[in-house]
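See structure below.
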Amino acid sequence: MASLNIAELRRSYTKSGLLEEELPSEPVEQIRLWIRQAVESEVLEPNAMTLSTVKEGGSPDSRMVLLKGIEGNSVSFFTNYQSEKATDLEICPKASCCFWWPELERQLRLRGDVERVSRKESAEYFATRPRESQIGAWASDQSKLLQSRNELIQKFSEFEEKFSGSEVPVPDHWGGYRIKLIEVEFWQGRPGRLHDRIRYHKKDNQWNRFRLFP
Ligand SMILES: Cc1cc2nc3c(=O)[nH]c(=O)nc-3n(C[C@H](O)[C@H](O)[C@H](O)COP(=O)(O)O)c2cc1C
């Protein structure tokens with residue numbers, strides 16, 4: 001097999017541009033627009049974002065999650081409250097998220113303070129999930145050591161049987177987090193690495209907007 005020269009991989013971005021006069025004064029509408037355009041562009045997982053948290057001692061960690069809601073100036077996602085990310089968020093309730101939509105040559109970065117969503121909101125969203133995912137939430141001790149795949153399959157079968165013929169309730173250990181946005185950055189790739197970067201920062205409840213060098 002021919003060797004792969006990773007350093008030689010590069011692409012010129014030509015699809016679009018970002019002009020201040022075309023952007024709203026608050027970033028949330030632009031987030032909605034970019035997600036809608038990602039959906040229309042048939043991006044495989046348009047709402048998938050890297051979520052970064054900070055551990056005790058200051059070490060960062062990242063993983064993908066699915067954005068599930070935009071409410072006011074906040075975005076939300078759902079997870080296991082006993083997972084590693086949840087442990088990080090209990091210690092340091094701050095997060096940053098990053099989307100990359102290659103089809104649109106766009107990056108979106110979000111940063112904010114994190115809090116749990118209400119049990120009611122978690123239960124409402126949980127009720128809309130496919131039954132398999134609901135049972136999966138009971139069967140997975142997310143981020144804990146698993147001896148074998150069989151153990152997981154076994155646990156899934158046990159909960160399938162336990163809830164057979166009835167609705168699957170939302171587990172206490174499962175629910176949403178809301179990221180209250182304080183910084184949002186829209187990045188649009190441009191030729192010659194002269195990319196557009198427009199950053200919004202919230203201060204004293206007011207959004208300010210800046211253009212940054214790429
Ligand atoms: C595209 C994609 C979407 C994902 N969405 C979620 C999600 O919404 N919630 C979640 O808990 N895990 C999700 N995961 C799994 C996480 O990336 C991760 O493996 C898991 O949450 C455990 O992370 P932790 O040990 O850091 O807590 C997703 C993974 C991928 C690849």
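Every number in this text was worked out from the coordinates using simple rules, so none of it is lab data. Predicted, not measured: the structure shown is a model, and the values here were computed from it. We place every Cβ from the backbone using ideal geometry, glycine too, and count neighbours over all the protein chains shown.
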Taking the chain and counting helices only, DSSP H stretches of n ≥ 4 at -39,500 (n - 2.57) each over all residues, the nearest-500 ellipticity at 222 nm comes to -7500 deg cm²/dmol
Between residue 120 and residue 68, how many nm apart are label points set 7 Å from Cα along the C-beta direction?
1.7
About the Cα centre, and with charges only on the beta carbon of Lys, Arg (+1) and Asp, Glu (-1), how big is the dipole of segment 99-178? Nearest 20 debye, please.
260
Measuring from the longest principal axis of the C-alpha atoms of the chain, the long axis of helix 119-128 (C-alpha) lies at a number of degrees, nearest 10, equal to 90
Can you tell me the FRET efficiency between residue 173 and residue 44 if r is taken as the Cβ-Cβ distance and R0 is 22 Å, rounded to the nearest 0.05?
0.15
By the C-alpha gyration tensor axes a ≥ b ≥ c (rounded if a/c is under 1.5, else prolate when a/b exceeds b/c, else oblate), the shape of segment 117-182 is oblate
Whole-Å distance, taken between Cα centres, linking segment 118-134 and segment 1-30:
35
Have a look at 62, 96, 16 and tell me which one the Gaussian network model of the chain (Cα, springs below 10 Å) gives the largest fluctuation.
16
Going by a ≥ b ≥ c, the root eigenvalues of the Cα gyration tensor, does segment 1-124 fall in the rounded group (a/c under 1.5), the prolate group (a/b larger than b/c) or the oblate group?
oblate
Fraction of alpha-carbon pairs over 27 Å apart in segment 62-198 - percent:
34
Within segment 140-214, report the GluC sites (Glu not before Pro) that DSSP leaves as loop and that have at most 11 other Cβ atoms within 10 Å.
167
How big is the dipole moment of the chain about its Cα centre under a simple scheme where the beta carbon of each Lys and Arg is +1, that of each Asp and Glu is -1, and everything else is neutral? Debye, nearest 20, please.
580
Charge dipole of segment 1-81 built from unit charges on the beta carbon (Lys, Arg +1; Asp, Glu -1), centred at mean Cα; most positive-end Cα among 18, 75, 49 is 49
